[in-house]
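Novice: This is the structure I want to talk about, given as structure tokens.
Throughout, read-outs are computed from the coordinates displayed, never taken from laboratory work. On a predicted model such as this, the values are computed, not experimentally measured, just so you know. Heads up, the Cβs are rebuilt from the backbone with ideal geometry, glycines too, and the neighbour counts pull from every protein chain shown.
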Amino acid sequence: MDNTIKQPEPSLMTIRMDRRRWIALGILSMGLMLSVIDTTIVNIAFPSIQEAYHASFSEAEWVNSIYSLIFGAALITWGKLSDQYGRRAIFVIGAALFALSSLGAGLAPTIGIMIGFRALQGLAGAMMSPSTLSIISATFKGRERGVAFGIWGATAGVSAALGPILGGWLIEYGTSVMAESWRLAFLVNVPLAAIAIAGSFWAIRESKDRLKTHHVDWLGIIFATLGLGALVAGTIEGQTYGWLYAKKVFTLGAFQYPNLFPDSAIPVGTLSFVPFLFALGLIFVALFIGWEARLEKRGGEPLFELGLFKYSSFRFGLITIFIIALGEFGVLLVVSIYLQIAKGLGAFETGVQFLSFALVNMLVAPMAGALSGRFGAKWVVTVGMLCEAIGLFWISRILHMESPISSLILPFMLYGAGVGLAIAQLSNLVLSDIPNDKAGQASGATNTVRQLGASLGIAILGAVLFTGFAFVATPLVQKSTAFEDFGQRIAQNSALSPAALQIGQGLANYGEQAKAEIVQGLQANEGFDAQKTDILQMALDHMPPAAIAALKKQNIDLANAQTVAQIKTELAPDLKILETDLQTALGTGFAQAARAASTLAALFVLCGALSSLMLPNSKPNPHVEIIAAH
């Protein structure tokens, strides 16, 4: 008996587009790669951006934060609008805006203009991201759907790992193209976006809800944008400005909070602006839910249909995505900083360490689709998250100062395999029961929940990381005898010139003040890297006027760069030992903090694996053939 369900014959254009669906998947993956890489590549370029614009730390922070803020706040809106007005159209407009904003960011003459173009990049990323998921959901059916989502997931995972690699490579080796090589991190997006736009018209079939005349839910857009924007902003800035009490002045243009006199300290007990952000966000989210429920009840067209929660795969899938996002993304930041602070690697070297994760992820993710077709997506997701949790716990056990970097390869491979199995098939499951005409808003909700979970997870793991770092490293630095040992070594070195000997002794005497400054930086969560800091210059900057005058009488001018360079050369071997001793104390503290943060990430992912057991299991029905007519 033939159980095949036949639909109307497709048009010739539909057949041609259908043949190009795998090319379309590649184009969509390129769009996803642009938006994902741009969230990680700026982390590597951060010091260069701050130096180029002579910007404050808080100004440079907004270059990164504004992208995540706008991106997370606008996802649901553009997911819904893509359902209404065409997913390919929104994707193409988003890619064009991404190219223009990347060009603007790459050529921005001031930090303010840079922040403005980064906000536009976030908006463009929010236009592209839900469109990629909803187009895939509408284009691929049956067993192909799982494979397509697997490739999409591999792209997401690999892009997250490639961001630091590409950023580090461009910064270190891009100077032959332009002096400020960090600008290439933005400019490289322009040709890639152009290829995505051209390919979209050739390979991607337009899809949208054609059943009714649409109306834009402007009030819903305002409530959703303000509510989600405030929540994302709170999770991003909580660690920097204080979750409850203010530990840093927030400045935006002429506005600042707390409003203090210049150079005055923040009074103890002053509330941070972050709790107000969370309260404001929750109020607007409540208004959004109430308005959407009312609009849906009256038969209107809400921005987000709460009725989608009747699908158990969507309901439990969002819960699982949020939980797993808490630990899945933050650990990459933890390990990245561990490699640079505890192991002393450069930006490009750090990125290379993620290659084993990226390669295994890229190999396993497409296979996950075939496994889902055989065993059901639910079990593939659960097994994948268990592999992630085990890999993360393994990583948390080996983050020691003395651990060889190669020891990360195997746990990274296991973690990469887990991400490859879980991330895409979880998205597949969430959208599996959603009607095609609702795929955009469901995709937007999926990405929003993932963004919120990732932002909150990074904030939580960052708080554990830097608080633990300060707690462990502070007594190690205070007890360090590195400066005293340095003074004894140079006192016994008869080959030193009088100038080098005198300045070296000055550095040794400066030791207690130097350690106090290091501890102060730790307590302020600013971190400290002895290998990246000119400790001798720190001492020279703090030498008392009497000592400088005495040196001048001996014709030793510390304002003369050549003189200082010669002294540094003489002291270099002993300075290296001094910096190594300090780095050992700091690295030991950071490694212990990184182990704690990675353990917490593993627990989050394990909870996500348990949550996935609530998901319904779905396998494609090989006896049902659906030919979509567009």
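Novice: From the phi of every residue in segment 413-429, what ³J(HN,Hα) in whole Hz does the Karplus formula 6.51 cos²θ - 1.76 cosθ + 1.60 yield, where θ is phi - 60° and glycine or proline is x?
Specialist: 5, 5, 5, x, 5, x, 5, x, 6, 8, 4, 6, 5, 5, 5, 4, 5
Novice: Ok, one more. Taking only Cα atoms, what is the 0 to 90° angle, nearest 10, from helix 274-297's long axis to the longest principal axis of the chain?
Specialist: The angle comes out at about 0 degrees.
Novice: Another one. Helix 377-398 against the longest principal axis of the chain: what's the angle in degrees, Cα atoms only, rounded to the nearest 10?
Specialist: 10 degrees
Novice: On to the next question. Helix 355-375 sits at what angle to the longest principal axis of the chain, using alpha carbons and giving 0 to 90 degrees rounded to 10?
Specialist: That helix lies at roughly 20 degrees to the long axis.
Novice: Another question about this same structure. Which residue, chosen from A89, Q478, G269, occupies the Cα position most advanced towards the positive end of the dipole of the chain, where the dipole is computed from +1 (Lys, Arg) and -1 (Asp, Glu) charges on Cβ about the Cα centre?
Specialist: A89
Novice: Name the long-range amide H neighbours of F250: under 5 Å, sequence gap of 5 or more, or other chain; modelled H, no Pro or chain starts.
Specialist: Counting only residues 5 or more places away or on other chains, the set is Y257.
Novice: At 222 nm, what helix-only mean residue ellipticity would the chain give, in deg cm²/dmol to the nearest 500, using -39500 (n - 2.57) for each DSSP H run of four or more?
Specialist: Values: 23 runs with 464 residues, N = 630.
That calculation yields -25500 deg cm²/dmol at 222 nm.
Novice: So how strong a dipole does the chain carry about its Cα centre when Lys and Arg Cβ are +1 and Asp and Glu Cβ are -1, to the nearest 20 debye?
Specialist: Around 1960 debye, computed over the chain.
Novice: Also: Whole-Hz ³J(HN,Hα) for each residue in segment 299-312, computed from phi via Karplus 6.51 cos²θ - 1.76 cosθ + 1.60 with θ = phi - 60°, x for glycine and proline: what do you get?
Specialist: x, x, 10, x, 4, 9, 7, 5, x, 5, 6, 5, 7, 5
Novice: In this model, which of K343/K576; K248/K343; K378/K438 are farther than 18 Å apart at the alpha-carbon?
Specialist: Details: K343/K576 15 Å; K248/K343 29 Å; K378/K438 22 Å.
K248/K343; K378/K438, as the Cα separations exceed 18 Å there.
Novice: Which whole-angstrom value gives the distance between the alpha carbon centres of segment 404-469 and segment 228-288?
Specialist: 27 Å
Novice: Under 5 Å between amide H atoms, partner at least 5 residues away or on a different chain: which partners does L271 have, H built in plane at 1.01 Å?
Specialist: A246
Novice: Taking +1 at the Cβ of each Lys and Arg and -1 at the Cβ of each Asp and Glu, which of G31, G242, A601 sits farthest along the dipole of the chain towards its positive end, judged by Cα position relative to the Cα centre?
Specialist: Working it through, the farthest residue towards the positive pole turns out to be G31.
Novice: So for the chain, taking the charge dipole from beta-carbon charges (+1 Lys/Arg, -1 Asp/Glu), which of A445, L392, A138 sits furthest toward the positive end?
Specialist: It is A138.
Novice: Then there's this: Find out how many positive minus negative residues lie around Q592, taking Lys and Arg as positive, Asp and Glu as negative, among other residues whose Cβ is under 15 Å from that of Q592.
Specialist: Working: positive: K343, R397, R595; negative: E402.
Result for the neighbourhood of Q592: +2.
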